[in-house]
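Engineer: Here it is: the structure, laid out below.
The values are calculated or read from the model by the stated rules, or taken from the named source; none is laboratory data. These numbers come from a predicted model, not from an experiment. Neighbour counts run over all protein chains shown; Cβ positions are idealised from the backbone, glycine included.
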Amino acid sequence: MRLYHGRGWRAAGLGLALLASAIVATFAWYTGRWGLLTGAVLAGIWTLALAWWNAALVPPRPLADGGEAEDGDAAVHRLLLDAAPTPLLALDRDTARVLNRAARAIFGADDRIVPAPPGLLDPSAPTFRHEGRLWRIDRVEASSGVTVAALIDVESEELAAEARASADLIEVLGHELLNGLSPIVSLAESAQTAAAQEPVDTALLAEILGPLARRAEGLQRFATDYRALARLPEPILAPSSLDQFARDLTQLFAQRWPATTLTLDIGAVEQWRMDRDQLHQAVWALLNNAAEATSTTSEPRVSLSIEREENRLAITVTDNGVGVDPESAALIFRPFHTTKPKGSGIGLSLARQIARGHGGSLELTGAKPTAFRISLPAGNPAD
């Protein structure tokens, strides 16, 4: 009796892919490469999803004597898929079906999701909302023409990113403090030696104390920036005039950047409940960032747009500068990351903290032209 081995080879290939994902994930975990770890985990989940889908949709091939092949692989794949923590769905043009336990818990369905949330069945939609939570949709096309979708909780993803950023922040802080203190200690020892000489060489002492003072001032500025980032107070929400808010920023911008044209666009919204001082600081950081990005442009232009989108307030700053490359875009909100010779790497990170403190978000929505967008949530509009 001769068995048909097509599905066996396919299962072996998927098993090897799953093993490779596990090896890469283990390596990433022990080396602290979180981006690689995320990719490996997602690859493993996709492998399980495709294995289950292959087992569920492809009928068993017949044996040579007319029997049917064993379905043990399908059962194993189905169990592994059901245990995956990421919600998985099968999508086609009209229907959405849950594929594992995590998806069933979210939608309260055993098979079809009725009705499907708006945006879930739209192949061009990157996200959708369900019961107040925002989900990102990662899709892959199965061989049967059905799309398998993994749902990523955006809020949980951002919290994980914040935890990684906090760890990075501590690492950066320790590195910068050590780098700053080492030359200060060395210069102080040299100054002590020069002061102990008879007669005192005042010229040498002044030559030593100058760099020491400048280095100490630089370290103080760094500590001040770090404190501002780490100890941002809770916002005090109060109705604020958006027209006055925008005009104040416009006047400051004209004084600071007289060679750059600022275009202002305010929609049909007069007031919003917000911490005016904090939002002013956040938007001012975006405007400064935009103006600096246009410094090498022959006709530098920056635009500030404030408009209401349903029950959210959107504040968008756009510029016609050099743009943001993909590598910088991935790190642009990381504390102390900067591509500017005299930049502190604080402005964008602090602006995002301010937006999140208001229950909103700050995102890079365009790379070239560069666009940053602050979104404040429903519940903040002034009465």
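Engineer: With respect to residue 283, is the statement that it is crowded, with 21+ Cβ neighbours inside 10 Å, β-branched (Val, Ile, Thr) and under 25 Å from residue 241 (Cα atoms) true?
Structural biologist: Judged against the criteria, residue 283 is a match.
Engineer: Okay, next question. Could you tell me which residue of the stretch 135-167 is modelled with the highest pLDDT, considering only residues that are of a type in the set (S, T, N, Q) and within 18 Å of the chain's Cα centre (by Cα)?
Structural biologist: Here the answer is 156.
Engineer: I'm trying to understand the selection: among the residues of the stretch 86-101, which are free of Cβ contacts under 8 Å to residues at least 24 places away in the same chain, crowded, with 16+ Cβ neighbours inside 10 Å and not polar (S, T, N, Q)?
Structural biologist: Once the filter is applied, which keeps residues that are free of Cβ contacts under 8 Å to residues at least 24 places away in the same chain, crowded, with 16+ Cβ neighbours inside 10 Å and not polar (S, T, N, Q), the stretch 86-101 yields 97, 98.
Engineer: Further question: What is the residue count in the stretch 194-220 for residues that are closer than 28 Å to residue 351 by Cβ and either surrounded by fewer than 12 Cβ atoms within 10 Å (Cβ to Cβ) or modelled with pLDDT of 80 or more (or both)?
Structural biologist: 2
Engineer: Here's something else I'd like to know. Is it the case, given these coordinates, that residue 355 is at pLDDT below 90, under 17 Å from the mean Cα position of the chain (by Cα) and surrounded by 19 or more Cβ atoms within 10 Å (Cβ to Cβ)?
Structural biologist: Here the answer is no, as residue 355 does not meet what is asked.
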